[in-house]
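Enquirer: Before I ask anything, let me first share the structure, which is written out below as structure tokens.
The values are calculated or read from the model by the stated rules, or taken from the named source; none is laboratory data. Note that the structure is a prediction, hence the values are computed from the model and not measured. Cβ atoms come from the backbone with ideal geometry, glycine included; neighbour counts cover every protein chain shown. These area figures cover heavy atoms from the full protein model, side chains too; ligands, DNA and RNA do not enter into them. Shrake-Rupley method; radii C 1.70, N 1.55, O 1.52, S 1.80 Å.
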Amino acid sequence: ATVSTPAGFTVVSGGPDDDRTTADGVTVSRLSGVGLRDLALVVAADVDTVSQEVEGVTVRVVGSPEAPLDDVLVESVDSLVALNEAFGPYPWTELDVVATPLGSGVGGMEWPGMVWIEEGVFSDDPLGMGDMFDAVEGLDLEGLGLDELGLDELGLDPIESVREWTVAHEVGHQWWHAVLGNDSIESPAVDEPLAQLAACVVMRARHPDTWQDICDAQTVDTYRQSRQLGVEDAPAAQPSDAFDSSLEYAASVYGKAPGFYLEAADLIGWDPLVAALRDFIEENAFTLVSTDGLREHLIDAAGPDGEHIDELWERWFSRAVGDEDIEAAELFGNLDP
């Protein structure tokens, strides 16, 4: 693609974009990429860029000069290194992490070779809520289950930790959707729970003593909180437009479904689970896979535990019994629906 902009604008894409010429106040950027499912573009003014080369990949972070660019760069590089080791090498030469105005309620968005982080989350203002956190700081939130996150006990600020998790999740999508593709309408239970698991992989590398608690806090505990707020449970393995609401979708797909992988790791071991997923990517790279295909692969990879893996999948993905699986009933059983 060839993009012409007024001089002074920064153009970022999912592919190499360092071929630029400027003349008569116009900059022409020539963009290219191989194996990209989408070519996404960000055109921005008044932004800075920091970068680092790691394992043959240039990681670039783009955002406001006032934003914590260096911190996000460290988080992005750590995510890339951990996921390279877990799921196989990142296939492109650049990874761009860009602050973008996605709006309240959206943390990030993935594209091949590039991820967008909502600019509020990027700057430790999760979901663009601004001063609202100051306004609710003194409220008694007991009963909503927010204390169940336990992040304060882990030495993590629940607000600031949103960015670290979001970066890891979105970088995880480079493997789960960009390399190994799936229909995000028909089979959202493929890439989103695995991007959550990828974030757990990153937390395991960055916080080896507390990663399990952080992972639970950002996955199954969010399901608990949604149920406390009256959001219904639903099967995770269904088309995205079959859910009654975006809240129900988020609770089931982002919150509950990753619990399958945590329980599977307890059953067959963390390393065998990650190895099975890495093999699945290698066997199906740059194709589209279905939820059933992923299920069958994990059953086969589990060997003598395959039948148990199948039973776990049925519970976590195909049925609406999350309260039993996550033991959430005790948390909201005395609340009105």
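Enquirer: Among (1) open to solvent by 10 Å² or more (accessible area, probe 1.4 Å); (2) in a loop (DSSP other than H, G, I, E, B); (3) of a type in the set (Gly, Ala, Ser), there is one condition residue 275 misses while meeting the rest; what is its number?
Expert: Single failed check for residue 275: (2).
Enquirer: Got a number for residues in segment 93-107 being touching an Asp or Glu at 6+ places or on another chain (Cβ under 7 Å) and at pLDDT 95 or above?
Expert: 2
Enquirer: Restricting attention to segment 280-291, report how many residues are in contact with a helix residue (DSSP H, G or I) (Cβ under 7 Å, 6 or more places away or on another chain) and in a helix (DSSP H, G or I).
Expert: Total meeting the criteria: 3.
Enquirer: Pairs needed: first member in segment 9-31, within 13 Å of residue 98 (Cβ to Cβ) and hydroxyl-bearing (Ser, Thr, Tyr); second member anywhere, open to solvent by 60 Å² or more (accessible area, probe 1.4 Å) and not in a strand (DSSP E or B); C-beta distance under 7 Å; at least 6 residues apart or different chains.
Expert: 13/39
Enquirer: Moving on to the next point. Which of the following residues is out of contact with any helix residue (DSSP H, G or I) (no Cβ under 9 Å at 6 or more places or on another chain) and either surrounded by fewer than 21 Cβ atoms within 10 Å (Cβ to Cβ) or assigned to a helix (DSSP H, G or I) (or both): 221, 244?
Expert: 244
Matching residues to (1) under 22 Å from residue 286 (Cβ atoms); (2) buried (at least 16 other Cβ atoms within 10 Å of the Cβ); (3) without any contact (Cβ under 8 Å) to a residue 60 or more places away in the chain:
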residue: 2; (1), (2), (3): no, no, yes
residue: 40; (1), (2), (3): yes, yes, no
residue: 48; (1), (2), (3): no, no, yes
residue: 56; (1), (2), (3): yes, no, yes
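Enquirer: Please tell me if residue 99 is in a helix (DSSP H, G or I) and open to solvent by less than 50 Å² (accessible area, probe 1.4 Å).
Expert: Considered against the rule, which asks whether it is in a helix (DSSP H, G or I) and open to solvent by less than 50 Å² (accessible area, probe 1.4 Å), residue 99 comes out as no.
Enquirer: Do the conditions hold for residue 79, that is, is it of a type in the set (S, T, N, Q) and either buried (at least 17 other Cβ atoms within 10 Å of the Cβ) or under 17 Å from residue 112 (Cα atoms) (or both)?
Expert: It is true that residue 79 is of a type in the set (S, T, N, Q) and either buried (at least 17 other Cβ atoms within 10 Å of the Cβ) or under 17 Å from residue 112 (Cα atoms) (or both).
Enquirer: Hey, any hits in segment 33-56 for a residue that's among the basic types (Lys, Arg) and under 20 Å from residue 10 (Cβ atoms)?
Expert: Checked against the condition, which is being among the basic types (Lys, Arg) and under 20 Å from residue 10 (Cβ atoms), segment 33-56 yields no hits at all.
Every residue, every condition in (1) under 21 Å from residue 281 (Cα atoms); (2) surrounded by fewer than 13 Cβ atoms within 10 Å (Cβ to Cβ), yes or no:
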| position | (1), (2) |
| --- | --- |
| 28 | no, no |
| 51 | no, no |
| 63 | no, no |
| 66 | no, yes |
| 83 | yes, no |
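Enquirer: Exactly one condition in (1) open to solvent by less than 50 Å² (accessible area, probe 1.4 Å); (2) within 22 Å of residue 203 (Cα to Cα); (3) part of a loop (DSSP other than H, G, I, E, B) is not met by residue 35; state its number.
Expert: (2)
Enquirer: Taking into account only those residues within segment 20-69 that are among the small types (Gly, Ala, Ser) and within 19 Å of residue 170 (Cα to Cα), which is nearest to the chain's Cα centre (by Cα)?
Expert: Once the filter is applied, the top-ranked residue is 40.
Enquirer: To continue, here is another question. Just to be sure, is residue 233 part of a loop (DSSP other than H, G, I, E, B) and open to solvent by less than 30 Å² (accessible area, probe 1.4 Å)?
Expert: Considered against the rule, which asks whether it is part of a loop (DSSP other than H, G, I, E, B) and open to solvent by less than 30 Å² (accessible area, probe 1.4 Å), residue 233 comes out as yes.
Enquirer: Every residue in segment 247-272 that is outside any helix (DSSP H, G or I) and open to solvent by 10 Å² or more (accessible area, probe 1.4 Å), please.
Expert: Answer for segment 247-272, where residues must be outside any helix (DSSP H, G or I) and open to solvent by 10 Å² or more (accessible area, probe 1.4 Å): just 269.
Enquirer: While we're here: Restricting attention to segment 102-124, which residues are part of a strand (DSSP E or B) and either under 18 Å from residue 11 (Cβ atoms) or of a type in the set (Val, Ile, Thr) (or both)?
Expert: Result: 109, 111, 114, 115, 116, 117.
Enquirer: Within segment 200-218, which residues are over 16 Å from residue 169 (Cα atoms) and either in contact (Cβ under 8 Å) with a residue 24 or more places away in the chain or open to solvent by less than 40 Å² (accessible area, probe 1.4 Å) (or both)?
Expert: Once the filter is applied, which keeps residues that are over 16 Å from residue 169 (Cα atoms) and either in contact (Cβ under 8 Å) with a residue 24 or more places away in the chain or open to solvent by less than 40 Å² (accessible area, probe 1.4 Å) (or both), segment 200-218 yields 210, 213.
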